[in-house]
Amino acid sequence: MKKRSAILLSLILVSTLIMVTLLQSPGTSLQMIYRACGLFAYLFIFLAILSSEYMRQMKNVFGKGFIAIHHILARIGILLMLIHPIVFAMEKRSMSVFVPVFHPLTDFLELAGRPALYLIIIAVFAAFYRKKITDKWKKIHYLIYPAFLLTFVHAWLIGTDLNSGSMQFLWIVMAVSVAGIFIHKRVALYRKSKYKKHIR
């Protein structure tokens, strides 16, 4: 119960920080919507990735299985991530916001959210059809990690709301955590495959 309360309190505090940051730089209705969706999409995708690292703990704390919690967080994150460019496109009155830019490097990095969106969609479809592609779906699903880091780069370089030290610190902590989770999973997978080869 204490752990659940601590987790929920942390989530409330982070959400409050994001909302306060948003309100400090008011804009048009569309701007506020796509900025909020972008920030909270980053948060919920992070939480979905984090939940995949602590499967047993999620069940012990919330009384639900990992898949249920993971899916709820992922669905919210993906929905917000889709709304973000749609509303931005409405404001700009252009569909070009959905087209990835690969050159020059500066433009690619600033607009890294575009390829990140498609990588996440591919990763989600792989999980959705995991029963049909049983051998490869996990490898494809790993695209979520580079996609998240691309999203971080995009937000860091041109994000309107990452000017404060507290937001920058929060975003860096989440990015480093995701990188750490990815490395941990890859190392664990390598050790598992090495062990299987050893016992044959």
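The values are calculated or read from the model by the stated rules, or taken from the named source; none is laboratory data. Since this is a predicted model, take the numbers as computed values, not measurements. All Cβ positions, glycine included, derive from the backbone under ideal geometry; neighbour counts span all protein chains shown.
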For this session: Output the number of the condition that S5 fails; it satisfies all remaining conditions of (1) in a helix (DSSP H, G or I); (2) more than 19 Å from the chain's Cα centre (by Cα); (3) over 28 Å from F182 (Cα atoms).
Result: (3)
Exercise. In this structure, is A155 of a type in the set (A, V, I, L, M), touching a helix residue (DSSP H, G or I) at 6+ places or on another chain (Cβ under 6 Å) and within 23 Å of G38 (Cα to Cα)?
Worked result: no
For this session: Tell me, please, whether a residue that is closer than 20 Å to I67 by Cβ and over 13 Å from the mean Cα position of the chain (by Cα) can be found in the range 156-172.
Result: no
Exercise. Limited to the range 32-42, what total is found for residues that are touching a residue at least 12 places away in the same chain (Cβ under 8 Å) and over 15 Å from L170 (Cα atoms)?
Worked result: 5
Exercise. Does the range 130-153 hold any residues that are in contact with a Phe, Trp or Tyr (Cβ under 7 Å, 6 or more places away or on another chain) and part of a loop (DSSP other than H, G, I, E, B), and which are they?
Worked result: R130
Problem set entry | Qualifying positions in the range 85-118 - among the hydrophobic types (A, V, I, L, M, F, W, C), part of a helix (DSSP H, G or I), surrounded by 13 or more Cβ atoms within 10 Å (Cβ to Cβ) and without any contact (Cβ under 8 Å) to a residue 60 or more places away in the chain | I86, V87, F88, A89, V97, F98, F108, L109, A116, L117
Problem set entry | Inter-residue pairs, beta-carbon under 6 Å, first over 12 Å from G38 (Cβ atoms) and in the range 72-84, second modelled with pLDDT of 95 or more, 6+ apart | L73/F44; I76/F44
Seminar exercise, completed: Of the conditions (1) under 19 Å from the mean Cα position of the chain (by Cα); (2) under 24 Å from D161 (Cα atoms), the single one that Y54 does not satisfy is (2)
Exercise. Of the residues I45, I86, I49, I133, which single one is β-branched (V, I, T), modelled with pLDDT of 95 or more and either over 19 Å from the mean Cα position of the chain (by Cα) or under 21 Å from V173 (Cα atoms) (or both)?
Worked result: I45
For this session: Just give me the residues in the range 129-146 being loosely packed, with under 14 Cβ neighbours inside 10 Å and either hydroxyl-bearing (S, T, Y) or touching a Gly at 6+ places or on another chain (Cβ under 8 Å) (or both), in sequence order.
Result: Y129, T134
Exercise. When you go through (1) under 30 Å from P26 (Cβ atoms); (2) surrounded by 14 or more Cβ atoms within 10 Å (Cβ to Cβ); (3) among the hydrophobic types (A, V, I, L, M, F, W, C); (4) free of Cβ contacts under 8 Å to residues at least 60 places away in the same chain one by one for A126, which number turns out not to apply?
Worked result: (1)
For this session: Could you please find all residues in the range 158-179 being in contact with a helix residue (DSSP H, G or I) (Cβ under 9 Å, 6 or more places away or on another chain), free of Cβ contacts under 8 Å to residues at least 24 places away in the same chain and in a helix (DSSP H, G or I)?
Result: Q168, I172
